[in-house]
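Enquirer: Mind having a look at this structure? Questions to follow.
No lab work stands behind these numbers, since they all come straight from the coordinates. Owing to the predicted nature of the structure, the values given are computational and were not obtained by experimental measurement. All Cβ positions, even for glycine, are placed from backbone atoms using ideal geometry, and neighbour counts span all protein chains on display.
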Amino acid sequence: MQTGGAGELERTERREREREALSRGQELELVSRIPNNNNNNNTMANMKAALAIALVFVGCCSNVVFLELLVKIDPGSGNLITFLQFLFIALEGFLFTSKCGTVRPRIGLKDYTILVVMFFVASVCNNYAFDFNIPMPLHMIFRAGSLIANMVMGILILKKRYDFSKYLSVGMITLGIVICTIVSGTKVESTQVLKNAADEDPMSVFFWWTLGIALLTLALFVSARMGLYQEVLYKRYGKHPKEALFYTHLLPLPFFALLAGNIWEHVQLANASPLQAIPALGVSLPLTWLYLLGNVLTQYVCISSVYVLTTECSSLTVTLVVTLRKFVSLLFSIVYFSNPFTVQHWIGTILVFVGTIIFTEVVGKVRSALAPAEQKKKVK
């Protein structure tokens with residue numbers, strides 16, 4: 001009897017285990033049918049990042065093309081270009097970011113004031129420099145040296161200390177910019193549209209060129225200080241890139257009243273430019289206004305894509321994309337517009353971009369990012 005009871009108990013336990021196994025199998029099948037939200041979210045994030053990278057190249061590179069086309073027609077149109085860019089982005093932000101003023105800003109307007117003043121000064125100086133005999137390639141190389149200003153500001157204001165590699169990279173960037181500046185300074189040409197441009201005094205041309213270099217230098221350090229101030233605001237209030245983009249373009253608009261005379265003068269020059277037929281619309285428009293429209297739209301695509309990139313990608317990816325984009329723009333400017341570029345210019349350019357890569361520790365970060373993948377392969 002005891003043996004039969006034990007056998008019955010064993011059979012009962014076996015049946016219980018089979019039912020539990022069957023139940024677990026059904027649960028696993030159900031779970032496998034549930035969509036993996038994490039995978040979907042990662043896929044969406046990757047798609048947004050890829051689209052942002054593509055738009056950075058398309059928007060920013062084409063923006064440089066339209067800018068150079070404008071500068072060749074009217075070198076003094078920098079303030080008009082800046083005003084139209086600010087106006088368009090402010091209108092877009094008013095409609096879609098602030099919802100016609102119904103959405104309150106997360107960062108106080110008082111806190112935006114200092115940021116706005118610095119952004120306005122940097123933007124005006126960068127675009128106005130073209131009126132002071134600054135060629136496009138030198139302009140791009142100079143702006144690529146923003147790391148110098150960032151380091152100087154970090155040492156002076158935040159009392160930061162850096163590794164030797166940082167000082168080495170900044171030394172390379174500085175040397176590259178100095179080489180390009182000196183080489184460009186030996187053959188300065190007037191960018192003014194004058195009837196007797198060939199008769200213009202060389203000393204006067206060189207004097208205005210030095211003022212252009214001073215404007216670019218000022219813009220470089222103001223931009224660096226603005227970056228430090230942005231970090232303070234983001235730590236205090238969190239990151240709100242679309243809001244920041246809107247208010248940094250809306251609040252400076254009254255300052256353009258100080259430049260109204262210059263802007264109106266170049267509006268009239270734009271109106272007087274040659275007409276370009278648009279077969280699709282059946283109308284003809286001044287060529288300068290078509291270039292201005294292209295510049296404003298591509299500037300919006302460029303800057304909004306960079307803002308998206310900063311929220312979707314690591315700082316390493318952003319730095320790589322922006323640096324590569326600048327290099328592509330520089331090459332395009334040299335080849336397409338036949339801008340003079342000597343061996344010394346190439347040496348300076350290589351120093352600037354290699355210095356940037358060393359500063360951002362791209363090689364080390366790429367190796368560390370690839371290391372886990374290699375370890376997984378070895379485990380398999």
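Enquirer: Near the amide H of Gln276, under 5 Å away, which other amide H atoms are found, from residues 5 or more places off or on another chain, if H is placed in the peptide plane?
Expert: Leu285, Leu287
Enquirer: While we're here: ³J(HN,Hα) across region 228-233 via Karplus (A = 6.51, B = -1.76, C = 1.60, θ = phi - 60°), whole Hz, x for Gly/Pro?
Expert: Karplus values, whole Hz, x for Gly and Pro: 5, 5, 4, 4, 4, 5.
Enquirer: Something else: What ³J(HN,Hα) values, in whole Hz, does the Karplus curve 6.51 cos²θ - 1.76 cosθ + 1.60 give for region 48-53 when θ = phi - 60°, with x put for Gly and Pro?
Expert: Taking θ as phi minus 60°, the curve returns 5, 5, 5, 5, 4, 4 Hz for region 48-53.
Enquirer: Order 158-170, 216-228, 232-244, 124-136 from most to least packed using the mean count of other Cβ atoms within 10 Å.
Expert: 124-136, 216-228, 232-244, 158-170
Enquirer: Something else now. Mind listing the phi-derived Karplus ³J(HN,Hα) values for region 348-353, rounded to whole Hz, using 6.51, -1.76 and 1.60 with θ = phi - 60°, and x for any glycine or proline?
Expert: x, 5, 4, 4, 5, 6
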